[in-house]
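J.: Supplied in structure tokens, the structure appears directly below.
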Amino acid sequence: MSKIYIVLSQTGTTLSKIIKRFTHDKYNHASISFDPELKTLYSFGRLHPRFVAPGGFVMESPNYGTFKRYKNTRIALYELEVSDEKYDEIRSGVEEMYAHRKDYKYNYKGLLWATFNRRYAKPRRFYCSEFVAYVLSAFKLVEKGFFDTKVIKPMDFVRVPNVRLVRETKMSDYATA
């Protein structure tokens, strides 16, 4: 058996503080990783750590980018056990998406509409939690319709069947020298 990791985070950026005002949630960003050391995470977010836009499909790490810039980022690390075959399928699928990341766009309208508890979906456009939900749904880690809510928020992933909280800590604990 293998594990995939869902990482919920709160960076403390201005945008994350605005989102928190609307959601009142502890964490407001979601990423997916395939290694327990979190060397590489995938999500939809800032392409450049200093600027909110442009956003897109990003590879994240505690060693560079937004997580390095915001050293006090708090995270909740969740794991989901899957078969070795399913792990390979999901990882290959996400890496294939990342290889074609120019074909995907950040869902700015979706994020804006989410503040009004409304969903705006368009093919190949995601914000962070929509992307993680897409991966879990597309690879059948959740039942069909599990995320058919108006708005998908990072805290929704704590309800995923068989997900287990590993720890809550700072992302900088995963940084390497």
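Every number in this text was worked out from the coordinates using simple rules, so none of it is lab data. Computed from a prediction, not measured in an experiment: that's the story for all the values here. Cβ placement follows ideal geometry from the backbone for every residue including glycine, while neighbour counts extend to all protein chains displayed.
J.: When the residues of segment 142-173 are narrowed to those that are surrounded by 15 or more Cβ atoms within 10 Å (Cβ to Cβ) and out of contact with any strand residue (DSSP E or B) (no Cβ under 8 Å at 6 or more places or on another chain), which ends up nearest to Arg74 (Cα to Cα)?
T.: Applying the filter and picking the extreme gives Ser172.
J.: Still on this structure, I have one more. Among the residues of segment 141-177 satisfying the criterion of being under 16 Å from the mean Cα position of the chain (by Cα) and in a helix (DSSP H, G or I), which is farthest from Arg69 (Cα to Cα)?
T.: Arg159
J.: Does segment 36-47 contain any residue that is closer than 18 Å to Arg101 by Cα, without any contact (Cβ under 8 Å) to a residue 24 or more places away in the chain and of a type in the set (A, V, I, L, M, F, W, C)?
T.: Yes, segment 36-47 contains a residue that is closer than 18 Å to Arg101 by Cα, without any contact (Cβ under 8 Å) to a residue 24 or more places away in the chain and of a type in the set (A, V, I, L, M, F, W, C).
J.: Mind checking which residues of segment 82-123 are farther than 25 Å from Thr23 by Cβ and among the basic types (Lys, Arg)?
T.: Once the filter is applied, which keeps residues that are farther than 25 Å from Thr23 by Cβ and among the basic types (Lys, Arg), segment 82-123 yields Lys86, Arg91, Arg101, Lys102.
J.: Can you tell me which condition Leu38 does not meet? The list is (1) out of contact with any Leu (no Cβ under 9 Å at 6 or more places or on another chain); (2) assigned to a loop (DSSP other than H, G, I, E, B), and all the others hold.
T.: (1)
J.: Testing Ile75 on (1) more than 18 Å from Val158 (Cα to Cα); (2) assigned to a strand (DSSP E or B), one condition comes back false. Which one is that?
T.: Status for Ile75: all satisfied but (1).
J.: Pairs under 7 Å by beta carbon, first residue under 15 Å from Tyr87 (Cα atoms) and without any contact (Cβ under 8 Å) to a residue 24 or more places away in the chain in segment 130-143, partner among the aliphatic types (A, V, I, L, M) and in a loop (DSSP other than H, G, I, E, B), six or more apart or different chains?
T.: Val142/Val160
J.: Next up: Provide a single number: the residues in segment 1-31 that are closer than 18 Å to Tyr134 by Cα, of a type outside the set (Ser, Thr, Tyr) and surrounded by 22 or more Cβ atoms within 10 Å (Cβ to Cβ).
T.: So the count comes out to 7.
J.: Just one of (1) part of a helix (DSSP H, G or I); (2) surrounded by fewer than 17 Cβ atoms within 10 Å (Cβ to Cβ) trips up Phe51, so point out which.
T.: (1)
J.: Looking only at residues in segment 114-140 that are of a type outside the set (A, V, I, L, M, F, W, C) and in a helix (DSSP H, G or I), which one is farthest from Asp103 (Cα to Cα)?
T.: Going through the qualifying residues, I end up with Ser137.
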